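Inspection log for the structure reproduced underneath, given as structure tokens.
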Amino acid sequence: MSTTSIDSLLHEIRRFAPDPAFSAAAVAQPELYDRARADRLGFWAEQARALDWTTPFTETLDWSNPPVARWFGDGALNVAYNCLDRHVEAGNGDRVAIHWEGEPGDSRSITYAELTREVKKAANVLAGLGVGQGDRVAIYLPLIPEAVIAMLAVARLGAIHSVIFGGFSAESIRARVEDADAKLVITADGGWRKGKVFPLKHAVDTALAAAETSVEHVLVVRRGENDVEWDDARDLWWHEQMASASEEHEAQGFEAENPLFILYTSGTTGKPKGILHTSGGYLTQAAYTHRAVFDLKPETDVYWCTADVGWITGHSYVVYGPLANGATQVLYEGTPETPHPGRWWEIIEKYKVSIFYTAPTAIRSFMKAGREIPLAHDLSSLRLLGSVGEPINPEAWVWYREIIGGGTTPIVDTWWQTETGAIMISALPGVTTTKPGSAQVPIPGISVDVLDEDGSHVGLDSGGLLVVTEPWPSMLRGIWGDPERFAETYWSKFADAPNGPLYFAGDGAHLDVDGDVWLLGRVDDVMNVSGHRLSTMEIESALVSHPIVAEAAVVGASDETTGQAVVAYVILRSKKAKSVTAAEASQMLRAHVAEQIGAIARPREVFIVTELPKTRSGKIMRRLLRDIAEGREIGDTTTLTDTTVVTVIRETSR
Ligand code: 6R9
């Protein structure tokens with residue numbers, strides 16, 4: 001975020017006090033903070049006991065060997081049972097779990113009893129294909145009910161899912177399937193997006209042809225009805241397997257620390273990190289935050305989180321949190337503007353959605369399209385709005401509340417990460433007086449701080465680095481296959497704190513005079529484009545993998561709609577690039593990145609330059625390139641080898 005926007009953010013003075021009627025009926029009451037403060041571990045143990053355990057735990061936390069944490073370590077549970085069977089056994093089998101809306105307009109409502117049956121069948125199918133505890137299953141699906149069913153079936157068997165976002169490329173699938181050594185891939189022929197079917201199985205075929213892996217089978221859901229190639233020895237249709245599967249499946253308990261999933265996320269190097277989450281602690285915090293932060297009343301609310309299950313938000317707040325709580329939710333396959341720009345608002349009206357959770361990038365694009373589009377729909381069912389993925393600018397916050405929330409709904413701005421597994425910093429609706437643009441306070445049970453580089457608390461009205469000071473139940477348990485990188489990335493910066501190492505989140509933050517937290521964006525080489533994390537290194541590697549590229553530097557430049565946008569500066573190899581113009585090269589390279597990583601990584605601009613600004617020690621000065629990309633006066637260039645480079649680049653990128 002640029003300095004000017006930080007300044008305007010921190011001058012935001014509007015305040016929104018909770019409505020007394022909302023407060024009186026709210027799930028979260030102010031005493032929660034006192035209870036958690038008085039006995040933090042006791043508080044979390046109490047939250048964990050809201051789940052069903054096959055073996056009750058006696059130990060809450062073992063932090064004797066940091067950064068390895070064990071939560072509820074001697075307990076056992078089945079995650080899928082907690083999300084399904086127990087609601088049916090409690091007499092809520094007829095409650096709708098998922099109102100699914102396909103992009104072309106088809107829809108399905110699935111009750112908890114039906115979802116439980118489908119997951120039991122799918123678990124039998126997977127077990128029949130040899131999937132058991134600890135095996136990795138890659139899932140590459142559109143946002144259809146089978147995505148949820150597949151994840152829960154894997155969880156039911158104590159196996160580990162690795163969901164790969166359906167927008168990722170064959171190359172990304174290959175890297176993830178190889179890294180996790182997946183045994184099975186679950187995909188679809190295709191899915192619907194922007195009025196068209198996009199192929200999925202084809203990408204899996206390409207990925208597996210190039211991969212050195214142990215994938216034995218590919219299970220294919222029929223959705224797009226597009227043509228697919230078929231390998232008789234390897235490929236199986238989901239519907240055929242499900243047709244003959246038994247509906248009986250008894251859920252077995254697995255230890256609380258049994259791995260539940262791996263989810264890859266961008267870090268500061270080219271190679272995505274496989275973030276590992278386990279069962280008991282993860283489910284505890286996902287379920288607790290989903291209840292308390294969203295004020296969930298499962299009997300009456302209709303909840304909708306617009307995230308894809310390919311991201312952590314989809315894991316924790318589409319699958320595990322809501323289903324553990326027996327919520328009724330909406331799941332929508334497609335894009336917000338298909339077939340018309342009011343599609344989301346039409347869905348809210350149709351299902352009478354009461355709790356809505358989305359990202360600032362979406363809100364900003366709706367602001368741009370105009371208020372008349374949402375205002376043409378009846379949105380009066382909404383009573384709570386949430387935001388996640390990046391800092392929300394105060395103007396977007398206020399627009400969200402006024403136009404979508406009818407000027408009355410509380411807004412929860414929730415800060416968390418793939419690594420934290422669940423919400424960490426957020427207002428509690430009905431309790432907190434909210435400030436547009438600030439995520440504000442750690443939720444009860446969580447302790448954070450803002451430190452300077454030396455590890456000292458920055459004090460009020462100052463900025464620094466955000467840390468989490470105590471272990472939390474849904475914390476990541478590692479990076480798949482790379483314990484050193486885990487320790488180094490998150491726990492080495494403030495390793496010598498008195499009560500064990502502090503978790504370094506990679507975000508800059510400011511504490512205001514009341515001690516509320518304002519998130520200021522990443523402090524590392526990670527960009528945030530439409531709420532999705534991309535690493536500059538990862539895109540640079542993709543660029544230099546193209547034969548015409550000699551060198552590349554990528555920066556995240558601020559963008560009105562997507563928060564940040566990818567801007568690349570590329571030096572071409574003069575021989576190989578002889579016959580292409582700069583404009584052609586730029587087009588080719590944008591397409592190349594999309595093909596290597598996925599469309600979300602496609603640079604907004606690729607500038608062809610002859611040199612890159614470097615320090616005397618040879619480091620590319622990305623800060624300067626960001627200044628140029630954002631049209632700002634350039635800052636300090638004293639460490640630059642050749643100061644004319646900047647002028648030349650500025651001329652070429654005009
Ligand atoms: C859940 C999710 C994590 C990064 C995080 C931060 C940014 C997320 C935010 C926010 C300001 C919020 N971020 N929520 N920044 N306010 N409410 O997005 O996970 O994809 O891992 O991204 O997103 O920079 O470090 P993930």
Exclusive hit being over 18 Å from ALA286 (Cβ atoms), among the small types (Gly, Ala, Ser) and buried (at least 24 other Cβ atoms within 10 Å of the Cβ), set ALA90, ALA122 = ALA122
Give the residue, chosen from ALA28, ALA97, that is among the hydrophobic types (A, V, I, L, M, F, W, C), within 25 Å of the chain's Cα centre (by Cα), in a strand (DSSP E or B) and surrounded by 20 or more Cβ atoms within 10 Å (Cβ to Cβ).
-> ALA97
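Could you list all residues from segment 274-305 that are assigned to a helix (DSSP H, G or I) and over 16 Å from VAL68 (Cα atoms)?
Once the filter is applied, which keeps residues that are assigned to a helix (DSSP H, G or I) and over 16 Å from VAL68 (Cα atoms), segment 274-305 yields LEU283, THR284, GLN285, ALA286, ALA287, TYR288, THR289, HIS290, ARG291, ALA292, VAL293.
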Which residue pairs have Cβ atoms under 6 Å apart, sit 6 or more places apart or on different chains, and have a first residue in segment 415-443 that is of a type in the set (D, E, K, R) and a second that is within 13 Å of the ligand (Cβ to nearest atom) and part of a loop (DSSP other than H, G, I, E, B)?
-> GLU419/LEU476
If we take segment 332-394, then helices (runs of 4 or more DSSP H) inside it with 1 or more residues that are farther than 16 Å from HIS99 by Cβ and more than 16 Å from the ligand (Cβ to nearest atom) are 360-369, 372-375
Could you list all residues from segment 45-71 that are in contact with a helix residue (DSSP H, G or I) (Cβ under 7 Å, 6 or more places away or on another chain) and under 25 Å from PHE294 (Cα atoms)?
-> GLN47, ALA48, ALA50, LEU51, ASP52, TRP71
Pairs where the first residue, in segment 514-529, is hydrophobic (A, V, I, L, M, F, W, C) and the second is in a strand (DSSP E or B) and near the ligand (Cβ under 7 Å from one of its atoms), C-beta under 7 Å, 6+ apart = LEU519/TRP415; LEU519/ASP507; VAL523/GLY506; VAL523/ASP507; VAL526/GLY506; VAL526/ARG533
Residues located in segment 334-368, provided they are small (Gly, Ala, Ser) and over 28 Å from THR300 (Cβ atoms) = SER365
Can you work out which of the residues in segment 414-452 that are in contact with a Leu (Cβ under 6 Å, 6 or more places away or on another chain), outside the structural domain of TRP399 (by TED's automatic domain parsing) and within 12 Å of the ligand (Cβ to nearest atom) is farthest from GLU395 (Cα to Cα)?
-> ALA439
Could you list, in sequence order, all residues of segment 399-411 that are within 16 Å of the ligand (Cβ to nearest atom) and under 24 Å from GLN564 (Cα atoms)?
-> TYR400, ARG401, ILE411
Under 9 Å by Cβ, and 6 or more places apart or on different chains, what pairs join a residue from segment 201-220 that is outside any helix (DSSP H, G or I) with one that is among the aromatic types (Phe, Trp, Tyr) and crowded, with 18+ Cβ neighbours inside 10 Å?
-> LEU219/TRP238; VAL220/TRP238
Within segment 431-449, can you find the residues that are assigned to a loop (DSSP other than H, G, I, E, B) and either β-branched (Val, Ile, Thr) or farther than 22 Å from SER462 by Cβ (or both)?
-> VAL431, THR432, THR433, VAL441, ILE443, PRO444, GLY445, ILE446
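For segment 222-246: of the residues being of a type in the set (Asp, Glu) and under 17 Å from VAL197 (Cβ atoms), which is surrounded by the most Cβ atoms within 10 Å (Cβ to Cβ)?
Among those that are of a type in the set (Asp, Glu) and under 17 Å from VAL197 (Cβ atoms), it is ASP227.
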Among the strands (runs of 3 or more DSSP E) confined wholly to segment 477-569, which include 3 or more residues that are away from the ligand (no atom under 16 Å from the Cβ)?
-> 549-559
Look through GLY478, GLY521, GLY556, GLY506 and report the one residue that is modelled with pLDDT of 90 or more and out of contact with any Ser or Thr (no Cβ under 9 Å at 6 or more places or on another chain).
-> GLY478
Selected residue [among the hydrophobic types (A, V, I, L, M, F, W, C) and under 23 Å from VAL197 (Cα atoms)] from ILE164, ILE110 | ILE164
Residue check, ALA127 in contact (Cβ under 8 Å) with a residue 24 or more places away in the chain, part of a helix (DSSP H, G or I) and either crowded, with 19+ Cβ neighbours inside 10 Å or in the same structural domain as MET242 (by TED's automatic domain parsing) (or both) = yes
How many residues of segment 237-252 are out of contact with any helix residue (DSSP H, G or I) (no Cβ under 8 Å at 6 or more places or on another chain) and touching a residue at least 40 places away in the same chain (Cβ under 8 Å)? The answer is 1
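The values are calculated or read from the model by the stated rules, or taken from the named source; none is laboratory data. Just so it is clear, the model here is predicted, and its values are computed rather than measured. Virtual Cβ from ideal backbone geometry, glycine too; neighbours counted across all protein chains shown.
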